[in-house]
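Report on the following structure.
What follows draws every value from the coordinates through simple rules; no lab data is involved. On a predicted model such as this, the values are computed, not experimentally measured, just so you know. Because the Cβ atoms are built from the backbone with ideal geometry, glycine has one as well, and the counts that use them run over all protein chains shown.
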């Protein structure tokens with residue numbers, strides 16, 4: 001898999017949900033396809049997965065791909081059908097993500113969360129427990145919420161264009177990727193230097209994809 005796998009997983013979730021990540025648990029932190037992500041050899045090595053864990057995850061990934069294929073190969077033609085397919089796929093991801101995370105130890109879940117933090121960057125601030133750890137002030141909360149609303153609105157517009165057939169999948173992801181990077185920088189600038197330092201410490205050791 002390519003080095004930008006984590007970003008791709010994140011963007012998939014953003015595209016499906018039409019909103020930024022706000023959940024506080026590991027299964028939602030990288031809400032694209034965790035069975036696919038945990039099949040990546042670099043991720044497996046970083047987490048220190050055992051052969052037994054890898055075998056279990058391989059079975060979960062195979063089942064996920066088979067079920068997802070039933071959805072993605074239908075080629076919905078109308079906006080209503082495309083929206084329904086997105087909703088179904090998002091539900092499928094959520095179900096299989098929980099199964100994949102259940103295979104991990106508490107320490108591995110923590111490391112996966114750190115890798116997720118590295119991918120999310122400033123978007124970590126959409127998670128309430130992160131804001132609480134950083135002692136975010138009310139003015140900062142308001143600034144973060146404004147960007148969250150902007151992100152939700154932008155994703156909704158891009159997804160609607162995709163559902164209407166006005167843009168293809170690559171254009172959709174590219175638009176979301178560019179917006180995510182800019183918004184992440186804006187979010188970090190809301191923090192004080194000490195808060196940014198604490199945010200960086202939550203990311204743990206830098207993940208190095210092969």
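As a ratio to 2.2 N^0.38 Å, the alpha-carbon radius of gyration computed for the range 59-189 takes the value 1.25. Shown here are the Rg and Dmax of the Cα trace of the range 33-125, at 15.1, 45 Å. Put in line by how crowded their Cβ is, counting other Cβ atoms within 10 Å and starting with the fewest, 149, 136, 158 read 149, 136, 158.
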